[in-house]
Amino acid sequence: MVGLLSLAFSSTLLVPALLAWWYRDGQLASFLYAFLAAQAIGLLLWLPVRNHRGELRRRDGFIVVALFWLLLSLVSALPFLFGPHLSFVNAFFEAVSGFTTTGATVISGLDGLPRSLLYYRQQLQWLGGMGLVVLAVAIQPLLGIGGMRLYRAETPGPLKEEKIEPRLAQTARALWLIYLGLTVLCALAYWLAGMTPFDAIGHSFATISTGGFSTHDASLGYYASVPIELIAMAFMLLGGINFSIHFSVWRSFNPLHYLRDIEVRTFLLFTLLTTLVLVAVLRLTGDYDSYAAAFVDSGFEVVSVITSTGFGEVDFTHWPLFLPVLLIFISFIGGCGGSTAGGMKVMRVLLLIKQGQRELGRLLHPRALRPVRIGRRLLGERTTQAIWGFFAAYIFVFVLLTLAMMAAGLDQVSAFAAVATCLNNLGPGLGEVAYTFGGVSDAAKLLAAAAMLLGRLEIFTLLVLLHPAFWRE
């Protein structure tokens, strides 16, 4: 199965190869070498067992997803090795950052990079946004047997049992059609707002996937355009909303479904309130002379961070008082479950708050039965326990990685920010990693890559592989 997925991925390398041929930018050979390597690996894995048939067990789904993301990260690093001649660690970091839609980078001088390589970076995060395994389930019927195992292992969010269509392949196909449709609309909007077609397509990939890579060092600040910033905010918010809600809106032609969903309402309300806090502080400290400018810049940065996109329009690391740290903190919340955003997801945070309220109520009324509800839905104890387990694992991994980052040479602020930005798939950080990871040690970059994969696959998908019981029959 991993071999077939590798063969499928290799075909995506032909698009930047075609661009390299069209622009004559000297990168054609690097993409062809990577294509041949992906083909060779796929054939070596698939041919020996091509006649084997069997149903996937639960544990097999986790193994396939983990192996696939690790293998494809290694293969997708090859164009960075052959093209700009990055070191292996830097190339691997850049590939993982793209695939996991983190948006952190070790490359500077993007404006002078070959256009085919710029496109390739954008394509990586677009493919990783919805998930290549979900794409494979959508287009390869042979993965339909046991495909739910892969879907659960990769799809972000706490309620992974839900399907918007009766058949899994139909669900995955519907998700990708919506994803593609939003990308096309975003690209058209960017183009009409003044971007070149190349930049419009590249930034639409980064916006809908909430990846954050840009074709310019100054990110969206390069354009100094309020219309472009407003378009980016709108589509980043759409990327941060559960795609099953998009499906409901599309099927019924009723946008009120967004407001009827408690997670979406909470997500939008929290984004607005945080923006208003930033506007108030920036005006009171005199950093902005007008509320309009403060609202646009604050709103852009809040949306960019909470959706884990990481686009830059202003340098928020120089904002006054607690604002830079506040922005890093809200990245832990992230977007809605079932979206392309990172973080712990709004639904989990909402459930943690409701469970905290229930425990406070039990102190006053020990015998009272207080079930946890989300809207009209009554959640079972297994779901609530899973939320606490995820939260505990998230904090444990965060602390462990922060200590490891400090051991790798980063100061306390930089280590905290590096783990936060990678585990939440955000991109920009504070201190040494405010703009790029190029100056940190190779050990720190490998730790950051591990954090990105853990964050993208929501920790348990990888941690379960370390449990001895996982490998017992």
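Couple of notes before you dig in:
- Test: residue in region 306-322 that is touching a residue at least 24 places away in the same chain (Cβ under 8 Å), on the phi > 0 side of the Ramachandran plot and among the aliphatic types (A, V, I, L, M): yes
- Condition check for Leu44: buried (at least 17 other Cβ atoms within 10 Å of the Cβ), touching a residue at least 12 places away in the same chain (Cβ under 8 Å) and either over 19 Å from Thr340 (Cβ atoms) or in contact with a helix residue (DSSP H, G or I) (Cβ under 7 Å, 6 or more places away or on another chain) (or both): no
- If you filter region 114-135 down to residues that are modelled with pLDDT under 90 and hydrophobic (A, V, I, L, M, F, W, C), you find that the one that is farthest from Arg173 (Cα to Cα) is Leu127.
- Residues that are in contact with a Ser or Thr (Cβ under 7 Å, 6 or more places away or on another chain) and modelled with pLDDT of 90 or more within region 438-452 comprise just one, Met452.
- Among the residues of region 337-360, none qualifies, meaning not one is acidic (Asp, Glu) and part of a loop (DSSP other than H, G, I, E, B).
- All positions within region 103-118 that are in a loop (DSSP other than H, G, I, E, B) and more than 21 Å from Val433 (Cβ to Cβ): Pro114
- Residues (of a type outside the set (A, V, I, L, M, F, W, C), in contact (Cβ under 8 Å) with a residue 24 or more places away in the chain and in a helix (DSSP H, G or I)) located in region 47-76: Arg58, Arg59, Asp60, Gly61, Ser73, Ser76
- Screening region 409-473 for helices (runs of 4 or more DSSP H) wholly inside it with 2 or more residues that are charged (D, E, K, R) and more than 14 Å from Tyr394 (Cα to Cα) returns the ranges 442-456.
- Entirely in region 188-305, the helices (runs of 4 or more DSSP H) that have 3 or more residues that are surrounded by fewer than 22 Cβ atoms within 10 Å (Cβ to Cβ) and at pLDDT 90 or above: 197-208, 226-239, 262-284
- Considering each residue of region 260-275 in turn, none proves to be more than 29 Å from Lys354 (Cβ to Cβ) and either aromatic (Phe, Trp, Tyr) or not assigned by TED's automatic domain parsing to the domain that holds Ser204 (or both).
- Some residue of region 391-401 being surrounded by 24 or more Cβ atoms within 10 Å (Cβ to Cβ), closer than 30 Å to Ser219 by Cβ and modelled with pLDDT of 90 or more: no
- Residue in region 84-102 that is nearest to Leu180 (Cα to Cα), counting only those that are polar (S, T, N, Q) and part of a helix (DSSP H, G or I): Ser97
The values are calculated or read from the model by the stated rules, or taken from the named source; none is laboratory data. These figures come from a predicted structure and were not determined experimentally. Reconstructed Cβ throughout: ideal geometry from the backbone, glycine too, with neighbour counts over all protein chains shown.
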